[in-house]
Each structure stands twice: as C-alpha cells, then as structure tokens.
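Asks: Can you read through this structure? Questions will come right after.
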Amino acid sequence: MASSPIFMMHVLACGALFTGFSWAALIALLITYVARVFALTAGFHRYFSHRAFKTSRAFQFILAWVGTSSAQLGPMWWAANHRHHHQHSDKEEDIHSPVVNDAFWAHIGWVLCRAYGSIQHDRVKDLNKYPELRFIDRFHILPVISLILLLYGVGAGLDAFYPGLETSGLQMVMWGFFMSTVLVYHVTFCVNSVTHIVGSKRFKTDDESRNSWWVALLTFGEGWHNNHHRWPLSARQGMYWWELDLSYWGLRLLEKLGLVWDLKVYPEKIYQEAAAGKLRN
C-alpha cells in the first residue's frame with residue numbers, strides 16, 4: 001500500500017473539520033463504513049481468503065469492487081497476504097506479527113513498506129483465473145475514484161435540491177470517503193495487531209491469536225480471532241449467540257436472498273473442544 005497514500009488519507013480525513021457537520025454527511029460515513037467493513041470481512045477475508053462460502057461470479061465481483069473501494073488494494077493481494085499469515089502465524093515469516101516485530105509494525109507499519117506491495121500469485125491461483133479480479137487488482141484505484149465521484153454527486157445533488165440539509169459534494173467526500181476510510185483502516189488493522197496481543201484464548205493454537213469482544217464489535221465479528229485461527233474455514237467467527245458476528249448474520253441474510261450459499265460453520269468437534277477446555281479451566 002506504501003506510506004504516501006496512507007499518510008495523505010489521514011491528512012485529507014482532517015479536511016472533514018473544515019467542511020462542517022451535517023446529518024447527511026454522518027449518514028454517508030456510516031453507510032460507507034458498514035458496506036466496506038462487510039465487504040472486507042465477509043468478502044476479502046471469509047470468501048476470497050478462506051472460501052468459507054460460495055457465491056455467483058457477479059456477486060463475487062460486487063464484493064471485490066466494494067472491498068477495493070476501501071483503499072486496501074485488491075482482493076488477490078489481500079487474500080494472498082492473509083493466506084501467508086495463516087501459514088506462518090506469529091512465526092518469523094509472518095509479515096504482520098506483533099509477536100515477531102511490534103504492535104505498530106503489525107498494525108500499520110508493514111502496509112507502509114513497499115516490499116509487500118506485489119501479489120503472491122502462487123497463493124491465489126484459484127482467484128487468478130478470473131480476469132475481472134485481475135483487472136480490479138491491477139486498477140485498484142478505480143473503485144476508489146468511483147466512490148469519491150458517487151459521494152460528490154450525491155452531495156452536490158442534495159445541496160442543489162435540498163439545501164436545508166446543509167451538505168455539499170466536498171463535505172460528503174470528506175466524511176463519506178476520507179474519514180470513513182481511515183476508520184475502516186484502523187478497525188481492520190486492529191485484527192492484525194490487537195487480537196494477537198490482548199484478549200482471551202479459548203483454544204490452544206500455535207500462535208498468539210486471541211478473542212476480543214470490542215474488536216469484534218467494530219469489525220462485525222473479526223475480533224473472535226482465536227476461534228478463527230482454530231478453524232479458519234468457518235464463515236462464522238463468533239461461536240455462540242453472545243459472540244456478536246454481524247458479518248455472519250449478514251451472510252445468512254444474503255443466503256436467504258439466494259446471493260450466497262454453502263456457508264461453512266464450525267463442526268461439532270470444535271464445540272466439544274471448546275467445552276472441554278472450559279471444564280479444564
């Protein structure tokens with residue numbers, strides 16, 4: 001991702017302070033936050049990285065496009081790095097481990113390093129066969145630009161036809177893209193940093209993955225990271241009803257609508273293992 005775009009994203013997010021506040025801008029921030037966190041967690045992570053459910057080629061493209069609009073490069077780059085992480089979690093080869101390096105490196109330092117900007121194609125051969133995914137990864141700036149233009153157009157339209165809302169194209173871009181994107185950055189980056197440092201360990205894994213309820217809240221379920229590292233193939237990361245996993249319930253809704261299917265979940269042996277561990281403790 002490199003340092004300059006990340007730095008500029010944070011600087012431009014401060015522009016929201018100079019465009020003022022409106023409820024329309026806040027709603028835009030919330031919508032773009034929810035849509036893109038879901039596309040990253042359910043799409044880039046559970047689908048592209050772990051193939052935890054199935055979907056159509058058209059909806060696969062939508063997940064890829066919306067996720068890429070979060071300015072975290074494309075689905076192939078993202079999935080390749082994540083698969084590498086699972087193979088070497090908290091070992092010397094893990095490129096974003098706070099155990100091997102430090103919390104800052106795991107959180108954002110590694111994405112500032114140009115050395116990790118290329119796609120490890122050997123890790124995503126299953127995705128490489130789709131030309132539309134290769135296109136999105138190559139031209140990952142296009143979903144970003146399209147979202148900025150959409151927000152500007154909506155803001156300009158609201159300003160022209162509903163001036164009482166006190167918004168503008170620039171305000172919508174500052175709140176709905178730049179501020180929202182920085183928030184999305186840091187909540188998703190917390191999965192790499194926070195959930196390998198603090199939290200509870202339900203399972204004895206060969207890494208330092210941990211469960212964090214507040215990271216799960218902000219990331220729609222990704223904070224149940226120790227659960228996930230024990231069984232990465234599950235589309236559900238919170239194991240019980242009290243472990244909030246909004247991305248999973250979003251996928252269940254999409255399943256009802258016929259947009260996704262064959263959602264994988266934790267097998268019974270994992271629940272038995274969790275119960276046995278609780279009894280020992």
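Asks: With (1) within 14 Å of SER180 (Cα to Cα); (2) surrounded by fewer than 16 Cβ atoms within 10 Å (Cβ to Cβ) as the list, and SER70 as the residue in question, which single condition is left unmet?
Replies: All conditions pass for SER70, except number (2).
Asks: Which condition from (1) under 17 Å from GLY176 (Cβ atoms); (2) touching a strand residue (DSSP E or B) at 6+ places or on another chain (Cβ under 9 Å) is the one that ALA35 breaks?
Replies: Evaluating ALA35 over (1) under 17 Å from GLY176 (Cβ atoms); (2) touching a strand residue (DSSP E or B) at 6+ places or on another chain (Cβ under 9 Å) leaves (2) as the failure.
Asks: Considering SER200, SER180, SER146, which residue is small (Gly, Ala, Ser) and buried (at least 24 other Cβ atoms within 10 Å of the Cβ)?
Replies: On the way: SER200 fails: buried (at least 24 other Cβ atoms within 10 Å of the Cβ); SER146 fails: buried (at least 24 other Cβ atoms within 10 Å of the Cβ).
None of the others qualify; the one that does is SER180.
Asks: Further question: Tell me, yes or no, whether the range 160-167 has at least one residue that is of a type in the set (Asp, Glu) and under 24 Å from MET76 (Cβ atoms). Give the steps one after another, and end with the answer.
Replies: Restricting attention to the range 160-167, the residues satisfying the condition of being of a type in the set (Asp, Glu) are 166.
Imposing the further condition that a residue be under 24 Å from MET76 (Cβ atoms) reduces the set to none.
Taking every residue of the range 160-167 in turn, none turns out to be of a type in the set (Asp, Glu) and under 24 Å from MET76 (Cβ atoms).
Asks: Would you mind stating whether ARG51 is touching a Gly at 6+ places or on another chain (Cβ under 8 Å) and at pLDDT 90 or above? Give the steps one after another, and end with the answer.
Replies: Values: touching a Gly at 6+ places or on another chain (Cβ under 8 Å): no; at pLDDT 90 or above: yes.
No; evaluated as a whole, the condition is false for this residue.
Asks: Of PHE59, PHE48, PHE44, which residue is among the aromatic types (Phe, Trp, Tyr), within 14 Å of LEU251 (Cβ to Cβ) and surrounded by fewer than 24 Cβ atoms within 10 Å (Cβ to Cβ)?
Replies: PHE59
Asks: Can you tell me which residue among THR188, THR205 is of a type in the set (S, T, N, Q), under 23 Å from ILE95 (Cα atoms) and more than 15 Å from the chain's Cα centre (by Cα)? Explain how you work it out, then say what you get.
Replies: Details: THR188 fails: more than 15 Å from the chain's Cα centre (by Cα).
On inspection, the qualifying residue turns out to be THR205.
Asks: Could you please find all residues in the range 55-101 being over 11 Å from the mean Cα position of the chain (by Cα) and on the phi > 0 side of the Ramachandran plot?
Replies: LEU73, ASP90
Asks: Same structure, new question: Could you name every one of the helices (runs of 4 or more DSSP H) located completely within the range 144-257 that has at least 2 residues being farther than 24 Å from ALA103 by Cα?
Replies: Working: elements: 169-173, 180-193, 213-218, 225-230, 246-256.
Output list reads 169-173, 246-256.
Asks: In the range 50-68, what count of residues is obtained for those that are in contact with a His (Cβ under 7 Å, 6 or more places away or on another chain) and among the basic types (Lys, Arg)?
Replies: So in the range 50-68, the residues in contact with a His (Cβ under 7 Å, 6 or more places away or on another chain) come out as 68.
Next, only the ones that are among the basic types (Lys, Arg) stay: none.
Here the count works out to 0.
Asks: Output the number of residues of the range 234-278 satisfying the condition of being of a type in the set (D, E, K, R), surrounded by 11 or more Cβ atoms within 10 Å (Cβ to Cβ) and farther than 20 Å from HIS45 by Cα. Lay out the reasoning, then the answer.
Replies: From the range 234-278, those of a type in the set (D, E, K, R) are 236, 243, 245, 252, 255-256, 262, 264, 268-269, 273, 278; that's our starting set.
Subsequent filtering for residues that are surrounded by 11 or more Cβ atoms within 10 Å (Cβ to Cβ) retains 236, 243, 245, 252, 255, 262, 264, 273.
Subset that is farther than 20 Å from HIS45 by Cα: 273.
Count: 1.
Asks: Being closer than 30 Å to VAL11 by Cα, acidic (Asp, Glu) and out of contact with any His (no Cβ under 9 Å at 6 or more places or on another chain) narrows it down to one of GLU166, GLU243, GLU222, so name that one. Working first, answer last.
Replies: Details: GLU243 fails: closer than 30 Å to VAL11 by Cα; GLU222 fails: out of contact with any His (no Cβ under 9 Å at 6 or more places or on another chain).
None of the other options fit; the residue is GLU166.
Asks: Of the conditions (1) surrounded by fewer than 20 Cβ atoms within 10 Å (Cβ to Cβ); (2) touching a Pro at 6+ places or on another chain (Cβ under 9 Å), LEU217 fails just one. Which one is it?
Replies: So the condition that LEU217 fails would be (2).
The values are calculated or read from the model by the stated rules, or taken from the named source; none is laboratory data. Here the structure is a predicted model, which means the values were calculated and not measured. Glycine gets a Cβ as well: all are built from the backbone with ideal geometry, and neighbour counts include every protein chain shown.
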